[in-house]
Amino acid sequence: MVIKTFQDIVDRQKNIEKLEEMKEYIEKKIQELKKEEIKEQKNREVIRSITYQLERVKCGKPSCKKCSNGTGHGPYWYAYWREDGRVRSKYIGKELKDLKY
Ligand SMILES: [Zn+2]
């Protein structure tokens, strides 16, 4: 059996209704792929703009010796990124691992 190319299939199809069906199917496929591409691009942009920062934090407790002498806690890693025009952050932990982005 000869494997038909896309052009063979289209050329041999004389039924307009079937051809319209093919056209609709192809257009649907194109739209789906375009949507996926846009989604991927957005994800990639978010990933690209993430900055990781090592920071010391203050717990705010008046009795805390670490905070009162100025050293604070940590340092801990934080991720910063921009999403929908807003800066967002997420606490990661002492080690920069198990990153989900
Ligand atoms: Zn503290």
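Worth pointing out:
- If you check Lys4, Lys35, Lys42 for being closer than 30 Å to Arg86 by Cβ and either assigned by TED's automatic domain parsing to the domain that holds Ile92 or at pLDDT below 90 (or both), only one passes: Lys42.
- Restricting segment 45-70 to residues that are among the hydroxyl-bearing types (Ser, Thr, Tyr) and more than 16 Å from the ligand (Cβ to nearest atom) leaves a set whose member that is modelled with the lowest pLDDT is Ser49.
- Taking segment 48-101 as the region of interest, the strands (runs of 3 or more DSSP E) fully inside it that hold 3 or more residues being in contact with a helix residue (DSSP H, G or I) (Cβ under 7 Å, 6 or more places away or on another chain) and free of Cβ contacts under 8 Å to residues at least 60 places away in the same chain are 73-83.
- From the list Lys66, Lys90, Lys94, the one residue that fits, being charged (D, E, K, R), surrounded by 10 or more Cβ atoms within 10 Å (Cβ to Cβ) and touching a His at 6+ places or on another chain (Cβ under 7 Å), is Lys66.
The values are calculated or read from the model by the stated rules, or taken from the named source; none is laboratory data. From a predicted model like this one, the values you see are computed outputs, not experimental measurements. Using ideal geometry, Cβ is built from the backbone for each residue, glycine included, and neighbour counts are taken over all protein chains shown.
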